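The values are calculated or read from the model by the stated rules, or taken from the named source; none is laboratory data. Note that the structure is predicted; figures quoted are calculated from it, not measured. In this analysis, Cβ positions are derived from the backbone assuming ideal geometry, glycine residues included, and neighbour counts consider all displayed protein chains. Each accessible area value is taken on the protein alone, full model and side chains, heavy atoms only, with ligands, DNA and RNA left out. Shrake-Rupley method; radii C 1.70, N 1.55, O 1.52, S 1.80 Å.
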Amino acid sequence: MSRYFTEEHEWVEVEGKIATVGITEYAQQQLGDVVFVDVPAEGKQFDKGDEAAVVESVKAASDVYSPVSGTIVEGNEVLADEPGLVNSDPEGDGWFFKLQLTDQGELDALMDEAAYKKFVAGL
Amino acid sequence: MTDNIADMMERVADRLLPLDAWHRARGARMVPFAGYQMPVQYEGVMAEHLWTRENAGLFDVSHMGQVLLTGDAPDLALEAIVPGEIQKLGVNRMRYSVLLEENGGILDDLMVTRRERDLYLVVNGACKYDDLAHMRETFPDEVVITLLDERALFALQGPKAGEALASLIPDVASLYFMQAGSFTLDGMSLWISRSGYTGEDGFEISVDCDHAAALADRLCALDVVKPIGLGARDSLRLEAGLPLYGHDLDESVSPVEGDLSFAISKRRRAEGGFAGAERILEELEEGTDRKRVGLSVEGRQPVREGAELFVGDRMVGKVTSGGFAPTLGAPIAMALIKSAFAPLGTVLEAEVRGKRIPVTVAPMPFVPHRYHRPKTA
């Protein structure tokens with residue numbers, strides 16, 4: 001299992017051909033109190049960079065882009081009733097969706113944790 | 001941020017509040033607003049909002065324009081551009097009003113207080129220089145207009161604001177909602193009104209910039225007082241049904257359309273004689289094509305400013321401000337809509353990201369006001 005990160009502050013946890021996607025601790029801090037999350041339905045297909053989910057805080061609405069191409073196998077339904085999980089556990093129970101990877105090679109373009117930490121420190 | 005704020009930002013470089021360092025030291029996230037770097041939040045909008053509804057919150061609103069009108073008959077001069085009764089406004093009494101364009105559109109909304117020797121106005125930060133220019137242009141030379149830019153302005157708001165401020169300044173307990181007076185604390189001279197923008201009891205406190213940090217420290221040393229950011233100020237005023245200039249009101253909106261007819265005083269209705277009177281008096285008789293209303297929103301997804309409102313295929317209005325109401329745990333909004341659809345209970349659909357969300361015209365305030373008014377027998 002390995003975890004990747006994007007410059008849009010998403011994390012991608014890969015296990016076999018399945019990637020779990022969420023937003024980072026840094027992102028949830030920037031968003032503030034999350035009040036609504038719209039996750040994609042099973043079977044939806046996304047290219048890398050497509051708008052895949054919506055997260056709304058008290059302050060603003062933000063898009064969550066699919067960091068890799070693939071087909072949704074599961075959206076985190078718990079977030080409909082407990083959007084606050086994105087604040088309390090963004091890199092765990094607050095995950096957004098799981099997708100089946102189309103192209104494992106896309107992962108190479110993402111950052112590892114050390115590189116992401118450095119990226120955030122430079123913001 | 002909206003276009004109109006973005007425009008401001010281009011014209012005026014960000015200024016720093018007198019308390020800029022004070023806010024940063026308390027963990028505030030600063031954002032550009034109305035030409036200033038403003039504290040948008042400290043610990044988080046939701047927590048700050050709920051704190052204010054239960055305790056007392058201290059807001060730094062020093063970006064707002066504090067303006068004095070002195071000289072010869074400033075009340076008469078002001079009445080030419082506002083529809084409120086100013087001549088008969090009692091000393092240390094205040095009134096909400098709107099600055100009107102010749103065609104009756106709203107240039108700004110403001111508070112007007114009559115003091116012993118002057119009229120004291122508080123106008124929106126983003127509009128203050130335009131307001132000053134407009135007043136200079138329309139007032140006779142005998143009226144002197146002074147921007148008090150050496151004064152900071154705080155709002156202390158919440159159900160515990162009364163006891164909090166009275167613990168430092170016992171005499172403020174005598175003020176009722178929309179009354180004001182001069183007070184002192186530790187040698188600081190303060191102008192304090194019982195008023196605000198949250199729907200709660202509370203005060204607005206004008207203080208010399210040199211004393212602003214000392215005053216903020218005295219207030220925040222009280223257990224029930226915390227500093228609160230602009231984010232919660234917006235969600236609190238939205239729940240209170242109070243319009244925000246530049247969003248719910250602008251120069252295309254008349255006070256009747258803006259549901260502010262209460263601000264058009266009886267004598268002024270009879271006599272007219274203010275900018276836009278012809279249109280506004282006719283609208284009071286005949287009604288308007290559109291109106292500002294409140295909306296309750298189905299589900300949890302916020303419906304925000306700019307969202308279009310539909311009945312079937314017909315677009316009938318637009319959301320002017322909207323968000324999540326922490327006190328209610330649900331989204332709410334304000335909108336300008338065709339008057340035919342303004343009656344309470346009318347169901348419309350808001351378009352958000354290609355999705356239709358049902359909304360219902362709802363009474364405002366969304367959260368009841370709790371102003372400190374005299375008990376009526």
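Before moving on, here are some points about what is shown:
- Look at where the Cα atoms of the stretch B:47-72 and of the stretch B:308-373 average out, and the two centres are 26 Å apart.
- Whether the stretch B:121-251 is rounded, prolate or oblate, judged on the alpha carbon gyration tensor where a/c under 1.5 counts as rounded: oblate
- Rounded if a/c under 1.5, otherwise prolate or oblate - chain A, Cα gyration tensor axes: oblate
- Pair-distance profile P(r), taking every C-alpha pair of the protein assembly as shown, with 20 angstrom steps and integer %: 21, 51, 24, 4, 0
- Under 17 Å from the Cα of B:K355 - aspartates and glutamates, other chains or at least 8 residues apart: A:D38, A:E51, A:E56, A:D63, B:E298, B:E305, B:E308, B:D313
- Residue list for the stretch B:57-91, given a label point 7 angstrom along the Cα-to-Cβ vector of B:H369 and an amide N cut-off under 17 Å: B:84-85
- Charged neighbours of B:A340, selected by a Cβ distance under 11 Å, balance to +3 (K, R count +1; D, E count -1).
- Cα-centre dipole for the stretch A:2-115 with unit charges at Cβ (Lys and Arg positive, Asp and Glu negative), debye to 20: 120
- Buried accessible area, chains B and A (both chains, 1.4 Å probe, Å² to nearest 100): 1300
- Alpha-carbon radius of gyration plus Dmax, which is the widest Cα pair, for the stretch B:190-295 in Å: 18.5, 53
- Overall shape of the stretch B:153-196 was characterised from the C-alpha gyration tensor. The equivalent ellipsoid obtained from it has semi-axes of 15, 12, 10 Å, in decreasing order.
- Euclidean distance between Cα centres, the stretch A:97-123 to the stretch B:13-33, Å: 34
- Peptide B:132-144 has a mean shielding of 0, counted as Cβ atoms of other protein chains within 10 Å of each residue's Cβ.
- Packing-based ranking, highest mean first, of B:346-357, B:233-244, A:105-116 given that Cβ atoms within 10 Å are counted: B:233-244, B:346-357, A:105-116
- Non-local Lys pairs in the stretch A:2-115, i.e. 8 or more apart or on different chains, that have alpha carbons under 24 Å apart: 5
- Protein-protein interface of the stretch B:38-80, residues with accessible area decrease of at least 40 Å², isolated chain reference, 1.4 Å probe: B:V45, B:M46
- Put simply, the amide H of A:V35, placed in the peptide plane, has neighbours under 5 Å in A:E56, A:S57, A:V58, leaving out anything fewer than 5 places away on its chain.
- Net charge dipole size for the protein assembly as shown [Lys, Arg +1 and Asp, Glu -1 on Cβ; Debye, nearest 20]: 1600
- Contact order normalised by residue count of chain B, Cα under 8 Å, 6+ apart, percent: 17
- The stretch A:11-24 - phi-based ³J(HN,Hα) in whole Hz, Karplus 6.51/-1.76/1.60, Gly and Pro as x: 10, 10, 9, 10, 10, x, 9, 9, 10, 9, 10, x, 10, 7
- What the Cβ-Cβ distance of A:E74 and B:N103 gives, at R0 = 56 Å and to the nearest 0.05, is a FRET efficiency of 0.50.
- Taking 1.567 mPa s as the viscosity and 4 °C as the temperature, the Stokes-Einstein diffusion coefficient of the stretch B:16-149 based on its alpha-carbon Kirkwood radius rounds to 79 µm²/s.
- Of all lysines in the structure, the ones whose alpha carbon falls short of 20 Å from that of B:K266, not counting any fewer than 8 places away in one chain, are B:K88.
- Per residue, the protein assembly as shown reaches -6000 deg cm²/dmol at 222 nm when only DSSP H runs of four or more residues are counted, each adding -39500 (n - 2.57).
- Using a probe of 1.4 angstrom and keeping all protein chains present, the accessible surface of the protein assembly as shown works out to 43 square angstrom per residue.
- Sulfur and carbon atoms: percent of accessible area, the stretch B:289-362 [1.4 Å]: 52
- Net dipole in debye of chain B [+1 Lys, Arg Cβ; -1 Asp, Glu Cβ; about Cα centre; nearest 20]: 1260
- Inter-label distance for B:T70 and B:D223, nm, one decimal - labels placed 7 Å from Cα along Cα-to-Cβ: 4.4
- Carbon/sulfur fraction of accessible area - the stretch A:2-115, other protein chains in place, 1.4 Å, %: 42
- Measuring heavy-atom accessible area with a 1.4 angstrom probe and counting protein chains only, the residues of the stretch A:20-37 that give up at least 30 Å² relative to the chain alone are A:D33, A:V35, A:F36.
- The lysines within cross-link reach of B:K375, meaning a Cα-to-Cα straight distance under 21 Å and a gap of 8 or more places when in the same chain, are B:K160.
- Residue (of B:L68, B:I81, B:G35) at the positive-pole extreme of the stretch B:35-110, dipole from beta-carbon charges: B:L68
- Averaging Cα coordinates gives a centre for the stretch B:253-289 and one for the stretch B:128-201; these two points are 27 Å apart.
- Anisotropy class assigned to chain B is oblate, per the alpha carbon gyration tensor with a/c at or over the 1.5 cut-off and a/b no larger than b/c.
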